[in-house]
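Structure, as structure tokens:
We did not get these values from a lab; they are worked out from the coordinates using the rules stated. Since this is a predicted model, take the numbers as computed values, not measurements. Ideal geometry is used to build each Cβ from the backbone, glycine not excepted, and the neighbour counts take in all protein chains shown.
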Amino acid sequence: MQLRDKLDQDKMLITAWSTSPSEEMAGALARCPFDTVTVDMQHGAHTESTAFASAKAIFAAGKPAIMRIPVGRNDLASRALDMGFEAVIAPMINSVADAEAFANAMKYPPVGERSWGPMKALQLHTSYSPESYFRSANQKTMALAMIETRAAFAALDGILATKGIDGVFVGPSDLSISWSGGTGVDPKNKELQEVIAQIGSRAKQAGKFAAIFAVDPADVPRFGKMGYRLAALNTDPGIIQAGASVMLDKARG
Ligand code: 3PY
Ligand code: MG
């Protein structure tokens, strides 16, 4: 497991966002110079079997794998860790109770109630024995709670203080919908930038990590200055489109 160690180095890490139900595609993303790849089971088209195969393909490329689970699927959070994912992002964590339920699934006792069975993870992370995995998993695997509503922002300090929550992950699109009272989606909304800055600094103060989905790659250095340590750049179709545009512009002069 290496994601936690990389984050502890206090550098901005960048994750690709895998939405196509293909381990080939996830492996291709992992072979690009991203620091890590996130497999999206909330809005992506992955099934459990393509997600689990993707974890292996990402790991084979020497990168850590992250999973975003669908809303409320804490059973899948434990399962993702059992399959070798190193971090789980849980969407719509809107209260301390939501954060506690997520942390319970992610951490072994005495912190939470994760059930024992990391046999597949041990096949990937071969430097661990069952005993050493048990001793280090609570510290090395990461529970990232998504802050993407007004309610979540109101509960931020409680969520950050929840035992077993390692960090928060801002979803600027849903946050913009909630912030506007449902009148629109505008993740680049000016008012939201102050909220995003506060989340970064309050996470840092609480000794937790802050991460965010960067709709515009040019925003990543600005998020870094706000204390964020992990940014998601784009989904696989967006990455292909951006690369194709650069190549076609060159080819067509
Ligand atoms: C959001 O912006 O709402 C997200 O969930 C990003 O993936
Ligand atoms: Mg969202």
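Worth a mention:
- Within segment 178-194, the set of residues being within 13 Å of ligand 1 (Cβ to nearest atom) and not hydroxyl-bearing (Ser, Thr, Tyr) comprises Trp179, Val185, Asp186, Pro187, Lys188, Asn189, Leu192.
- Taken together, Leu81, Leu144, Leu76, Leu124 contain a single residue that is closer than 30 Å to Pro187 by Cβ and touching a Gly at 6+ places or on another chain (Cβ under 7 Å), which is Leu144.
- Some residue of segment 166-177 being more than 16 Å from ligand 1 (Cβ to nearest atom) and in contact with a strand residue (DSSP E or B) (Cβ under 9 Å, 6 or more places away or on another chain): yes
- Residue match in segment 30-53 (condition: within 16 Å of ligand 2 (Cβ to nearest atom), surrounded by fewer than 24 Cβ atoms within 10 Å (Cβ to Cβ) and of a type in the set (Lys, Arg)): no
- Cross-chain or 6+ apart pairs with Cβ under 9 Å, segment 169-183 first and touching a residue at least 24 places away in the same chain (Cβ under 8 Å), then near ligand 2 (Cβ under 8 Å from one of its atoms) and acidic (Asp, Glu): Phe169/Glu148; Val170/Glu148; Gly171/Glu148; Pro172/Glu148; Ser173/Glu148; Asp174/Glu148; Leu175/Glu148; Ser178/Glu148
- Filtered residue count, segment 140-193, keeping only those that are over 16 Å from the mean Cα position of the chain (by Cα), among the polar types (S, T, N, Q) and either closer than 22 Å to Ala232 by Cβ or within 15 Å of ligand 2 (Cβ to nearest atom) (or both): 6
- Filter pass, Ala99 being assigned to a helix (DSSP H, G or I), within 19 Å of Ala211 (Cβ to Cβ), of a type in the set (A, V, I, L, M) and in contact (Cβ under 8 Å) with a residue 60 or more places away in the chain: yes
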